[in-house]
Amino acid sequence: MMRVMNDPAISTTRRRWWVWWAVATVWWTLDGIATATSLYRMGQAAGTGPTWPDTVQVALASAWLWIPFTILALWLAERFPLDRDGWRRALPVHALGTAIVCLARAGAVVALNVWIGWYETVPPFREVVLTSIANNLFLYLLLVGVGHALVFARRYRERDEQLARSELRSLQMQLHPHFLFNTLNTINVLVRADPDAAERMITRLGVLLRHAIDGVGVQEVSLEEELRVLRSYLEIEQVRFEDRLRVEWRIAPEAYHARVPHLLLQPLVENAIRHGIAPRAAEGIIQIVAERRNGTLHLAVRDDGVGMGQNGAHVGVGLVNTRTRLRQLYGARQQMDVRDGPGGGVHVEMQLPFILERR
């Protein structure tokens with residue numbers, strides 16, 4: 001029972017409806033004041049209008065009666081949406097809701113008229129009902145339409161978010177086996193040639209696997225955490241390449257607490273090593289850059305290897321997946337550029353929104 005009461009989804013739904021109550025109250029209060037102002041000015045111009053307090057009383061009473069009916073319209077739109085699958089069941093419900101609103105407002109006018117003063121003499125109830133239908137039918141249907149717009153907009157957003165999460169999980173599953181295969185293959189080579197180095201690699205691989213497991217379902221981490229994972233990966237690769245791989249870190253202090261996609265840099269560095277550094281015998285340099293530039297986070301992975309060449313062989317799965325992940329997470333707020341470096345090799349430059357890590 002306690003689990004149901006503390007369900008985050010239920011709490012979120014309750015908060016949302018309290019917000020709608022507050023929005024409806026503010027909206028109809030402003031509408032009542034605006035209506036009272038208009039009626040008062042017209043009455044003063046004609047020289048026969050009621051006093052300002054009487055005008056405000058009538059206008060606010062009429063407006064405030066719409067607050068519960070607004071919530072009813074939104075609730076019925078959410079509970080019984082007129083979509084392709086449920087419109088047959090929902091249509092009678094909304095017709096009944098419309099009838100209830102028109103009758104209820106007519107009944108409220110008759111019951112409260114002695115205090116509010118809509119009429120000097122209340123006409124027969126049938127006439128009040130017809131007037132209520134004429135005044136309230138279209139407005140209530142408009143509120144039902146607004147409710148449906150909100151429902152369909154939320155459905156679209158939730159579907160888009162679910163699709164993004166699904167695609168990101170798929171992309172991450174492509175990255176992990178690729179990395180594990182390369183690392184285990186390196187350990188297999190070192191087991192006989194250099195057992196101590198193989199043992200160190202197994203230890204560092206354990207650290208990386210722990211990060212990967214802890215990060216399941218996590219889309220963003222701090223750059224500091226991302227660099228910790230990357231350092232573990234590069235320690236493994238430096239055992240493999242020995243003196244042929246040198247890493248330069250150019251990390252601005254203010255960038256450490258920025259949020260970045262989980263496992264963003266590792267596949268880019270792996271791509272640079274595999275396609276840029278590994279094919280040649282000379283020493284290769286990998287540069288990792290992170291800095292803040294005018295409200296954006298600038299990240300770069302640069303190598304001085306063989307470059308993309310005419311066939312663009314340097315562009316591996318890591319680059320393709322990274323570009324897709326950034327597009328899914330940040331849309332037009334991100335930018336990724338892959339080009340040949342001025343002195344050789346390949347430069348991968350990224351611009352992301354600078355968002356501080358939640359603490």
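Here are a few things to note about the model shown:
- For beta carbons closer than 7 Å, sequence separation of 6+ or different chains, a first residue in the range 238-262 that is more than 26 Å from residue 219 (Cα to Cα) and a second that is among the acidic types (Asp, Glu) and crowded, with 16+ Cβ neighbours inside 10 Å, the qualifying pairs are 245/237.
- Of all residues making up the range 28-45, the number that are exposed (fewer than 15 other Cβ atoms within 10 Å of the Cβ), within 15 Å of residue 61 (Cα to Cα) and not hydroxyl-bearing (Ser, Thr, Tyr): 3
- Within this structure, residue 28 fails the test of being assigned to a loop (DSSP other than H, G, I, E, B), of a type outside the set (D, E, K, R) and in contact with a Ser or Thr (Cβ under 8 Å, 6 or more places away or on another chain).
- Scanning the range 250-272 for residues that are over 23 Å from the mean Cα position of the chain (by Cα), hydrophobic (A, V, I, L, M, F, W, C) and farther than 15 Å from residue 232 by Cα yields 251, 252, 272.
- Entry remark, the range 208-247: residues being surrounded by fewer than 16 Cβ atoms within 10 Å (Cβ to Cβ), within 38 Å of the chain's Cα centre (by Cα) and at pLDDT below 80 number 7 in total.
- Residue within the range 107-127 that is under 42 Å from the mean Cα position of the chain (by Cα), assigned by TED's automatic domain parsing to the domain that holds residue 23 and aliphatic (A, V, I, L, M) present: no
- Residues in the range 39-97 that are polar (S, T, N, Q) and farther than 23 Å from residue 29 by Cα: 48 only.
- For the range 287-359, the strands (runs of 3 or more DSSP E) that sit wholly inside it and include 1 or more residues that are on the phi < 0 side of the Ramachandran plot and at pLDDT below 90 are 335-340.
- The residues of the range 49-61 that are assigned to a helix (DSSP H, G or I) and touching a helix residue (DSSP H, G or I) at 6+ places or on another chain (Cβ under 7 Å), listed by number, are 52, 55, 56, 57, 58, 59, 60, 61.
- Test: residue 77 is assigned by TED's automatic domain parsing to the domain that holds residue 53, part of a helix (DSSP H, G or I) and within 30 Å of residue 218 (Cβ to Cβ): no
- Residues of the range 112-131 that are closer than 18 Å to residue 51 by Cβ and in a loop (DSSP other than H, G, I, E, B): 117, 118, 119, 120.
- Leading residue by the ranking (modelled with the highest pLDDT) among those in the range 248-280 that are part of a helix (DSSP H, G or I) and among the aliphatic types (A, V, I, L, M): 255
The values are calculated or read from the model by the stated rules, or taken from the named source; none is laboratory data. These numbers come from a predicted model, not from an experiment. Using ideal geometry, Cβ is built from the backbone for each residue, glycine included, and neighbour counts are taken over all protein chains shown.
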